[in-house]
Amino acid sequence: MTIDELVRRTMREWAGEAHTPEDLAARVLAGRRRRRVRRAGAALAGAVAAAVAVAAVAVATPVLTGPERGSDRSAATADPTTRAGTTEVRARPGSSPPDGLIAAGRVAVYAYYVWRQKGDDPGNGVTRTWYLYDPAEDAYDKTPWATLDVAPGGRQAAVVEAYPASRVGLLTVETGEIRWVEVGQAVGAVRWSPDGTRLLATTYRRDPDGGYESPLEERRPARTGFALIDPAAGTSHRVALEPAADERNTRSDLDWSRDGTLVREHGSRFDTPYRFYDLDGKQVAAPPDESVAGSLEAGLSPSGELLAVHPRAAGPVETARPVETPPTAVPTSAEEQAVAAVRDLRTGEVTTYTPVSGYHIEQLLTWADDGHLVAWACEYAGGRKVCEGGEFRNRLVLLGADGREAIPLSGYREHSQRSGSWEPLFTPR
């Protein structure tokens, strides 16, 4: 099924549930006023299309937005609102990086970064240029920050200056005002807690993106620990936490557990995707289903009933291990080539993502809601080739958890492993 057919069918199914929001006219006119600030030449047709699309669907129903450039495939234009709690789909299938908000269900891309290699030698490290979403303009603005994270809702961001900055800025997105909190040690990464009330700053003894001078130095991670920041009080508390003995990356950022009560770091083994620590830096047992063997980045669904896993994680959840494949074997069937799946933790049933709507699903990134995920996917070529244009030419798609449909959210990255590529930052809406 083509994307056009998928969109037409979906719109027909939703039409019976449709109603027109009471504030439709005001929202369309407000959208036009915002666009005039930097896009004085925007056509009236854009506002009309927004009105038509909103009239055709219920507010809480996914809506495609933005035509795909250079293609005869297109999607309906969506209501431009980005208010908290909305579930509309905002897609930019014709742009990469996106030229307007990407969002689906409970998550949005409120920021992204473009990374570039320093010089010709990968050992020289990388630089990241961050772009932050401006809802007034429906566009991403280039920022001067070395790293950042956006709070749930997209109205506040935590920002960090270039290494060795030892303070974290609390940026109000709408006004641009910044309030600074001193940490007392160089900060290399920062993450908001799931409830948006606290910050976790990873501290380093040297620039985690600065490269290394020798192979021996590469094997000595630079992390010193973390700092817990109370944004309301403007205070911070540092905790020492060296990387695990088997860590080989210079950057080893920390994150929150699902409920925000523990600190989490990526493991380096298939059977230990994550390690967990209490807020004093003491290692503790993983919460149920948060460090399952073979689990993937998207992790648990919002309800906690589904888990993103590698399809060749065999056996019960607690003892899953990868199925060994002879080194000479070249996978040629869609089932053998699949690298993403979802396991129902209630029944043990696994849904493996073979090509979906013409896409080979490469990486499950986050859950949009209990029935959908956001993933990186390439255009499926079939046979040994798998991906048209190679595995690193991929785009964001909204994937049905049942594996029946995939809708493009962004344009294609030409090569995700080359300098100049971009990476999205997902935040709860």
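The values are calculated or read from the model by the stated rules, or taken from the named source; none is laboratory data. This structure is a prediction, so every number in the text was calculated from the model and none was measured. Please note: Cβ atoms are built from the backbone with ideal geometry, for glycine as well, and neighbour counts cover all protein chains shown.
Give the residue, chosen from 187, 292, 284, that is touching a residue at least 12 places away in the same chain (Cβ under 8 Å) and more than 30 Å from residue 342 (Cα to Cα). Explain how you work it out, then say what you get.
Values: 292 fails: more than 30 Å from residue 342 (Cα to Cα); 284 fails: more than 30 Å from residue 342 (Cα to Cα).
Only one candidate qualifies: 187.
Among the residues of the range 242-286, those that are part of a loop (DSSP other than H, G, I, E, B), under 26 Å from the mean Cα position of the chain (by Cα), within 28 Å of residue 126 (Cβ to Cβ) and not small (Gly, Ala, Ser) comprise 243, 247, 248, 249, 250, 251, 253, 254, 270. Among the conditions (1) touching a Leu at 6+ places or on another chain (Cβ under 6 Å); (2) surrounded by fewer than 23 Cβ atoms within 10 Å (Cβ to Cβ); (3) touching a residue at least 24 places away in the same chain (Cβ under 8 Å), residue 141 misses just one, which is (3).
Of a type outside the set (Phe, Trp, Tyr) and either part of a loop (DSSP other than H, G, I, E, B) or at pLDDT below 95 (or both): which single residue out of 335, 379 fits that description? Before the answer, list the steps.
Numbers: 379 fails: either part of a loop (DSSP other than H, G, I, E, B) or at pLDDT below 95 (or both).
Going through 335, 379 in turn, the sole match is 335.
Looking only at the range 287-307, residues that are β-branched (Val, Ile, Thr) and not in a loop (DSSP other than H, G, I, E, B) come to 0 in all.
Out of everything in the range 261-270 that is surrounded by fewer than 18 Cβ atoms within 10 Å (Cβ to Cβ) and touching a strand residue (DSSP E or B) at 6+ places or on another chain (Cβ under 9 Å), what residue ends up being nearest to residue 208 (Cα to Cα)?
Initial filter on the range 261-270 (surrounded by fewer than 18 Cβ atoms within 10 Å (Cβ to Cβ)): 261, 266-270.
Those left that are additionally touching a strand residue (DSSP E or B) at 6+ places or on another chain (Cβ under 9 Å): 266-267, 270.
On the way: 266: 16, 267: 18, 270: 24 Å.
So, considering only residues that are surrounded by fewer than 18 Cβ atoms within 10 Å (Cβ to Cβ) and touching a strand residue (DSSP E or B) at 6+ places or on another chain (Cβ under 9 Å), the one nearest to residue 208 (Cα to Cα) is 266.
Please enumerate the residues belonging to the range 224-272 that are within 29 Å of residue 302 (Cβ to Cβ), of a type in the set (Ser, Thr, Tyr) and at pLDDT 95 or above. 257, 261 - these are the residues of the range 224-272 that are within 29 Å of residue 302 (Cβ to Cβ), of a type in the set (Ser, Thr, Tyr) and at pLDDT 95 or above.
Any idea which residue in the range 382-403 is nearest to residue 418 (Cα to Cα), counting only those that are assigned to a strand (DSSP E or B) and within 17 Å of the chain's Cα centre (by Cα)?
Narrowing the range 382-403 to residues assigned to a strand (DSSP E or B): 382, 386-387, 394-400.
Remaining after also requiring within 17 Å of the chain's Cα centre (by Cα): 394-400.
Working: 394: 13, 395: 15, 396: 17, 397: 21, 398: 24, 399: 26, 400: 29 Å.
Applying the filter and picking the extreme gives 394.
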